[in-house]
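S.K.: What follows is a single structure, and I will ask about it in a moment.
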Amino acid sequence: MEVSRWTQEPGENFVTLEVQLPGVGRQQRKLELSEDGRKLFIKAARPAGRRACLPQTAQLTRDGRHELFTKELVVPEGLDMDRAEVHHSRDGLEISAPWLRQTKAKADTRASSGHARGSQRGKASKEASTFRYIPPAPVVPRANLASSDGLEVVDEPWPEPTKLATAAEGWYDNRNVFQPY
């Protein structure tokens, strides 16, 4: 997972954050905003598949079928996360949040009148989604495996499987060229 910095284009009243999630489907992405609106939690899972080489720091689900990504980001002071929008793309997502329009005095009046930050959620288009608070899941410690020092690996011949008489010798590709097995 690669996360950009919060950036603001010249003349714009909002900032954006880009998150690259290659191989992660839209249904395996989860965004959470802390109750006070100061932290953003990004969680994602992608199928581990037949990856020959995962980094040692990779977190996997208990069954080992998905690689997990988590990131905790601090939301810059003065952003209105109630009106933030999330736009999903094929390889990631983009979070856009405007700056607060009101002055600090108005914000204090609003907070004292019972309308605390986060009590209302911003409107979202069909392609955008809003945040909702979900407490983060507890972190499960990884098990330490025993060392493989002192083990001897012996290569033994494996019997060649016998081919059935009805088995195909190959296949035809989309160019109609025969490809033998």
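A short reminder: the numbers here are calculations on the coordinates, not readings from a lab. These numbers were taken from a predicted model, which means no experiment stands behind them. A quick note on method: Cβ atoms are made from the backbone with ideal geometry, for glycine too, and the neighbour counts reach across all protein chains shown.
S.K.: Give the order of ILE95, ILE42 when sorted by the count of other beta carbons within 10 angstrom, beginning with the fewest. Mind dumping the intermediate values first?
M.R.: Working: ILE95 24, ILE42 20.
Fewest-to-most ranking of ILE95, ILE42: ILE42, ILE95.
S.K.: Going by average Cβ density within 10 Å per residue, which order do the peptides 145-152, 75-82 take, highest to lowest? Don't jump to the answer; show the numbers that get you there.
M.R.: Values: 145-152: 5.9, 75-82: 16.1.
Taking the mean over residues of other Cβ atoms within 10 Å, the ranking is 75-82, 145-152.
S.K.: Let me ask you something else. Just to be sure I understand the model, the point goes 7 Å from the Cα along the line to the Cβ. What's the resulting SER96 to ARG5 distance in nm?
M.R.: With each label point 7 Å from Cα toward Cβ, the separation is 2.2 nm.
S.K.: Neighbouring Cβ atoms within 10 Å as the yardstick, rank PHE69, PHE14 fewest first. Mind showing how you got there, number by number?
M.R.: Working: PHE69 19, PHE14 15.
In increasing order of surrounding Cβ atoms, one gets PHE14, PHE69.
S.K.: GLU156 to GLN56: extension gain in nm, 0.36 nm per residue of separation minus the Cα-Cα distance?
M.R.: Values: separation 100, 0.36 × 100 = 36.00 nm, distance 2.91 nm.
Extra length from GLU156 to GLN56 when fully extended: 33.1 nm.
S.K.: While we're looking at this one, here's another question. So how much slack lies between HIS88 and ARG26, counting 0.36 nm per residue of separation and subtracting their Cα-Cα distance, in nm?
M.R.: Value of the extension gain: 21.6 nm.
S.K.: Mind checking the dipole of segment 3-101: about its Cα centre, +1 per Lys or Arg Cβ, -1 per Asp or Glu Cβ, Debye to the nearest 20?
M.R.: Values: 16 positive and 15 negative charges, 141 e Å.
Here the size comes out at about 680 debye.
S.K.: Among SER34, SER4, what is the fewest-to-most ranking by other Cβ atoms within 10 Å? Display every interim value, and only then the final one.
M.R.: Details: SER34 19, SER4 13.
Result, fewest neighbours first: SER4, SER34.
S.K.: Say each of ASP173 and ASN144 gets a label point 7 Å from the Cα, pointing the same way as Cα to Cβ; how far apart are those two points in nm?
M.R.: In this crude label model, ASP173 to ASN144 measures out at 5.0 nm.
S.K.: So for segment 1-46, taking the charge dipole from beta-carbon charges (+1 Lys/Arg, -1 Asp/Glu), which of PHE14, GLY25, SER4 sits furthest toward the positive end?
M.R.: GLY25
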